[in-house]
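One structure is given here, and the rest of the page talks about it.
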Amino acid sequence: MKHVAIIGSTGSVGTQTLEIARMNKDINICALSAGHNIELLEKQTREFKPEIICIGTEKLASELKTRLRDMDVRIVYGMNGLLEVAELPASEILVTAIVGMIGIRPTIAAIKAGKDIALANKETLVTAGHIIMPLAKEKGVSILPVDSEHSAIFQALQGNRHGDIAKLLLTASGGPFRGKDTEYLKHVRLSDALKHPNWSMGQKITIDSATMVNKGLEVIEARWLFDIAPENIQVVVQPQSIIHSMVEYKDGAVLAQLGTPDMKLPIQYALFYPKRRYLPGERLDFTKLSEIVFETPDTETFLGLKYAYEAISTGGTMPTVFNAANECAVGKFLKEEIAFLDIYRMIRDCMDRHTVIQNPSVSCILDTEQWVYETINNRR
């Protein structure tokens, strides 16, 4: 029996993790958490009967206690609640499906408690990779990537030596505005940006895909996950989302992981690694595949990728600034308070105004996040 805790169970990755649990009867969901979606969390709790659940606020926790008074479940809330979920003795692996830098402290707590991490919360490594990866090594726990691209690289690395890697090739779909120019982007609406051509994802990551910030975050994450210098990580646009990423070795061989766009594959692989299990769904039919297209990303139009390489090259707190400024800006765009291109403007402004601190602690990272939010919200 695999004992699994999930933070972010009501989001896209969280709900798909629970789909896998339904298909594999030897998965026990022992903990769940959500931010504010109390209705879905209640349904999940009644179905999976976890030992503990966490919700965002004390008020919501009180409402949940009333709703679930007929069940034997411990209900906690806020950051302290997330830490309880992360450290739960009964769990073996924590799925970090939560969005944002709120995932840093629970991930660290889970690692210290000896839990393996199925990592979908990219912000954790983007901002604190220099803390997370050495800690995981010290505690002897595995960081198993759930992002389709990082999972693809992880799979392509199996059976090979790290020293034989020449470079990593992260693939990108190009998002809904692939091939468009800056003039076009001046006029796009929220509804346009939320129409991803291939993947069904949460709103924040879908906007990040449209700006290509998401691919930039993945470059930073890959740098820490696979201990590869940023200059040896290349992004290529692969519009069909069939090749999920590749590894080029020093002898010229390139190993790729291919498949239909389905997030359940990398989630299940992380949960049962190194074993593979049957997963129902559409299969890639090579007889119907006429071509696989590759393109160079347009980093002058889609500045998210350009800024990400700058942030990781600068290091220290700059990736935190890049990430936090994007989080804040995307939040405003989702509320239709700013235009699409304002996302780039806000990121650029914060990066230009920031004084970098090298080798930041967790508290320094969180203070930097707060500085970014204050900087953006105080600007007129």
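The values are calculated or read from the model by the stated rules, or taken from the named source; none is laboratory data. Fair warning: this is a prediction, and the values are worked out from it, not measured in the lab. Here the Cβ is made from the backbone with ideal geometry for all residues, glycine too, and neighbour counts use every protein chain on show.
A search for C-beta distances below 7 Å between a residue of region 251-274 that is under 18 Å from Ile233 (Cβ atoms) and any residue that is in a loop (DSSP other than H, G, I, E, B), counting only pairs 6+ apart in sequence or on different chains, returns nothing. Can you name the residue in region 293-312 that is of a type in the set (Ser, Thr, Tyr) and under 27 Å from Thr368 (Cα atoms) and, of all such residues, is surrounded by the most Cβ atoms within 10 Å (Cβ to Cβ)? Ranking the qualifying residues of region 293-312, first place goes to Tyr307. Assuming Ser290 fulfils every condition listed in (1) farther than 22 Å from Glu221 by Cβ; (2) among the small types (Gly, Ala, Ser); (3) under 19 Å from the mean Cα position of the chain (by Cα) apart from one, which condition is it? Failed condition: (3).
Of everything listed in (1) of a type in the set (Ser, Thr, Tyr); (2) surrounded by 15 or more Cβ atoms within 10 Å (Cβ to Cβ); (3) without any contact (Cβ under 8 Å) to a residue 40 or more places away in the chain, the single unmet condition for Thr171 is (3).
Does Thr45 satisfy being free of Cβ contacts under 8 Å to residues at least 60 places away in the same chain and either closer than 22 Å to Ile102 by Cβ or surrounded by 14 or more Cβ atoms within 10 Å (Cβ to Cβ) (or both)? Here the answer is yes, as Thr45 does meet what is asked. Leu32 meets all of the listed conditions (1) in a loop (DSSP other than H, G, I, E, B); (2) within 24 Å of Gly100 (Cβ to Cβ); (3) among the aliphatic types (A, V, I, L, M) but one, namely (1). Tell me which residues, restricted to region 10-30, are touching a helix residue (DSSP H, G or I) at 6+ places or on another chain (Cβ under 6 Å) and closer than 19 Å to Leu144 by Cα. Across region 10-30, the qualifying residues are Gln16, Thr17, Ile20, Ile27, Ile29. Filtered by the rule that a residue be touching a Pro at 6+ places or on another chain (Cβ under 8 Å) and more than 15 Å from Ser142 (Cβ to Cβ), region 80-123 gives Leu82, Leu83, Val85, Ala86, Ile98.
Do you know which residues across region 153-173 are part of a loop (DSSP other than H, G, I, E, B) and within 19 Å of the chain's Cα centre (by Cα)?
Scanning region 153-173 gives a single hit, Ser173.
Evaluate the following for Glu282: is it among the acidic types (Asp, Glu) and under 20 Å from the mean Cα position of the chain (by Cα)? So Glu282 does not fit the description; no. Do we find that Leu125 is among the aliphatic types (A, V, I, L, M), in contact (Cβ under 8 Å) with a residue 60 or more places away in the chain, out of contact with any His (no Cβ under 9 Å at 6 or more places or on another chain) and not in a helix (DSSP H, G or I) in this structure? No: the conditions fail for Leu125. Restricting region 85-134 to residues that are among the charged types (D, E, K, R) and touching a Ser or Thr at 6+ places or on another chain (Cβ under 8 Å), the residue that is surrounded by the fewest Cβ atoms within 10 Å (Cβ to Cβ) is Asp116.
Go through region 244-260 and give me each residue that's surrounded by fewer than 18 Cβ atoms within 10 Å (Cβ to Cβ) and under 21 Å from the mean Cα position of the chain (by Cα). Leu258, Thr260, listed by residue number.
Which residues, taken from region 313-326, are farther than 11 Å from Thr368 by Cβ and surrounded by fewer than 23 Cβ atoms within 10 Å (Cβ to Cβ)? Working first, answer last.
Let us first name the residues in region 313-326 that are farther than 11 Å from Thr368 by Cβ, namely 313-315, 326.
Residues satisfying the conditions are Ser313, Thr314, Gly315.
Residues of region 174-188 include none that is out of contact with any Gly (no Cβ under 6 Å at 6 or more places or on another chain), crowded, with 24+ Cβ neighbours inside 10 Å and in a helix (DSSP H, G or I).
Which condition breaks for Ser148 when tested against (1) at pLDDT 95 or above; (2) within 13 Å of Glu221 (Cβ to Cβ)? Looking at each condition in turn, Ser148 falls short on (1). Suppose we filter Ile38, Ile27 for residues that are surrounded by 16 or more Cβ atoms within 10 Å (Cβ to Cβ), under 25 Å from Tyr278 (Cβ atoms), at pLDDT 95 or above and not hydroxyl-bearing (Ser, Thr, Tyr); which single one remains? Going through Ile38, Ile27 in turn, just one is surrounded by 16 or more Cβ atoms within 10 Å (Cβ to Cβ), under 25 Å from Tyr278 (Cβ atoms), at pLDDT 95 or above and not hydroxyl-bearing (Ser, Thr, Tyr): Ile27.
Residues checked against (1) out of contact with any helix residue (DSSP H, G or I) (no Cβ under 6 Å at 6 or more places or on another chain); (2) closer than 30 Å to Met101 by Cα; (3) modelled with pLDDT of 95 or more:
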| site | (1), (2), (3) |
| --- | --- |
| Asp251 | yes, no, yes |
| Arg276 | yes, no, yes |
| Glu282 | yes, no, no |
| Phe294 | yes, no, no |
| Thr320 | no, yes, yes |
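Only a single item in (1) crowded, with 19+ Cβ neighbours inside 10 Å; (2) without any contact (Cβ under 8 Å) to a residue 40 or more places away in the chain; (3) out of contact with any Phe, Trp or Tyr (no Cβ under 8 Å at 6 or more places or on another chain); (4) outside any loop (DSSP other than H, G, I, E, B) is not met by Thr17, and it is number (2).
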